[in-house]
Every structure is written in C-alpha cells, then in structure tokens.
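Beneath this line is the structure, given in structure tokens, with notes to follow.
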Amino acid sequence: MHGSGNNFVIIDSRLVDNVNRDYKKIANNSNCDQVIVVTNSNVADCFMHIYNADGSKVETCGNAARCVGYLIMLEKGTEYATIELMNERILECFKAGNKSIKINMGKPSLKWYEIPLSTECDTLHLPIELGVLKDPVAVNIGNPHMIFFVDSIDKIPLLNLAPQLETHILFPKKTNVSIAQIDKSGEINLQVWERGTGITASCGSAACAAFVASVLRGYITAQQTSVNFLGGNLSIEWTDNVFMTGDVEFIQ
Ligand SMILES: N[C@@H](CCC[C@H](N)C(=O)O)C(=O)O
C-alpha cells in the first residue's frame, strides 16, 4: 500500500510467524520505503513493527499507520482502530472518508534528551550547519526529526547533504531530515530524507514534526495546515495532540 506516495510492504503476521525475515532484502526487491509487520497486541487492535529499507527497526511511521489502520477497520467493519508501537505509544486511527484516515500521533517531545540528542542544547535552534542549511529545529513525534527552514526546497541538494546530517554526532540514534518551505497561504512544502531509507515521496511523521517546528518558531499561527509532498498532501493539526489526515491506496 502507499500513503501519499510513501510505499510499504505490509506483512500480516498475526496467525503465521513472519517476524524474523530479511527486511532489507524485501525492501530492496519491492522498492518500498518501509516493511511493516503486523502482529497481535494485548492492548490495541494490533502491533505494528516498522523496518526501514536498510533493515533497521524503528519506532513509528505515520503513513504506514494510516494504511494499517485502514486495513484493520476494513476487517472489523468499524471506523476506529488502535495500533501499538515499539515506543509504547498507542496510535488511534479514525475513518475520515472513503480512503481517508486520520491518526492521533500523540504529543511531540521537545526536550534535548527526548529527541534524543547527545548533548544538552536548544532544540529550537540546533548548532548544526551544512552548506546552505543552518539553524534547524529538532522534534520527536515518536521518532527523531531535524527540520531546516528554507526559501525554496527546489534549490537545495538534499540528496547530497542529508547522509551527513542523518548521522550527525548530535543524534545518537540518527535522524530523519526535512527541508521546509512555508508558502504565503501558510501551507508547508516539504522534502524529506528518511533515516534508514533516503529520499521518499512523503513522510507522515516528518509532516507532523515540520508543522510543530513551524508553530514553535512562530512561522505559522493556525492550528491546522496542509503539508505538501511530491507524493501527495497531508492535513496536520496540532491542538493538544498532533493529528494527521490523508488518503491511503493499494499499489497494483
Ligand atoms: N515513513 C514514515 C517514517 C518511517 C520511519 C523513519 N524512516 C525513521 O527511521 O524514523 C512516516 O510516514 O512517518
């Protein structure tokens, strides 16, 4: 399935034990961004294991949660589902339209040790600079993100710069890297280099992190905006928790 262009192979492992596979190989063979393994949960409708294209196991994936939430709701005939993650968060999923799913991504974590960073510093202004990129924000929305604000995302060679930023010494668990351009209407155009995967057409958790960073920096005052990717758009809302809404699709 895909969620706004973020591609997943989803393996239902609730009845058959598929948990120890070569996820890097599956991702390479299928050209997907993440491999998702669904198992049983004692506290939610299912447990979602997330593997990046390099085989690393990670804490959350917003777009995959929308796809898995859709599948569970289809199976149960409901408009609500819950998904347990390895970071102990429970994601709530709501049906928002025919193939539109809304996810409660929880509260962002903003303290330096929650990102996590290797030394104490101001997460709203990290002391990181590379090429034309400088002064990023760090946000954890279940997984770590670093967001740079730029005038035009089209002019930044993210592919060349991001590998060094993903593995920056300040991020002991590495990080997802985004460049964000806020347009006049208050929407965000975002390009993302995903930790463990590379450039993707969309990233749900990055959309949430970029919106939180934009509000904290004072660039956006609204509670909701559209975050626009090459692969599609996501509606992000930050009240107490952060909510993400967008379409899901099967890949033929
Ligand atoms: N595509 C995802 C994020 C997947 C995990 C990420 N690459 C990480 O390592 O944290 C999303 O939609 O959030």
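Laid out as a table, the results:
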read-out	value
Residue match in region 61-75 (condition: among the aromatic types (Phe, Trp, Tyr), buried (at least 21 other Cβ atoms within 10 Å of the Cβ) and away from the ligand (no atom under 12 Å from the Cβ))	yes
Count of residues meeting criterion [away from the ligand (no atom under 16 Å from the Cβ) and touching a residue at least 12 places away in the same chain (Cβ under 8 Å)] in region 115-126	7
Filter result (away from the ligand (no atom under 15 Å from the Cβ), outside any loop (DSSP other than H, G, I, E, B) and touching an Asp or Glu at 6+ places or on another chain (Cβ under 7 Å)) within region 184-227	189, 224, 225, 226
Subset of region 128-137 (residues that are surrounded by fewer than 17 Cβ atoms within 10 Å (Cβ to Cβ) and of a type outside the set (Val, Ile, Thr))	129, 130, 131, 134, 135
Odd one out for residue 240 among (1) modelled with pLDDT of 95 or more; (2) away from the ligand (no atom under 16 Å from the Cβ)	(1)
Filter pass, residue 147 being closer than 21 Å to residue 188 by Cα and not small (Gly, Ala, Ser)	yes
Criterion: in a strand (DSSP E or B) and not polar (S, T, N, Q) - qualifying residue of 169, 101	101
Considering residues of region 138-176 that are touching a residue at least 40 places away in the same chain (Cβ under 8 Å), among the aliphatic types (A, V, I, L, M) and within 15 Å of the ligand (Cβ to nearest atom) only, the residue surrounded by the fewest Cβ atoms within 10 Å (Cβ to Cβ)	158
Residue that is farthest from the ligand (Cβ to nearest atom), among those in region 45-60 that are hydrophobic (A, V, I, L, M, F, W, C), in contact with a Lys or Arg (Cβ under 8 Å, 6 or more places away or on another chain) and assigned to a strand (DSSP E or B)	46
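The values are calculated or read from the model by the stated rules, or taken from the named source; none is laboratory data. Since the structure is predicted, the reported quantities are computational estimates derived from the model, not experimental observations. All Cβ positions, even for glycine, are placed from backbone atoms using ideal geometry, and neighbour counts span all protein chains on display.
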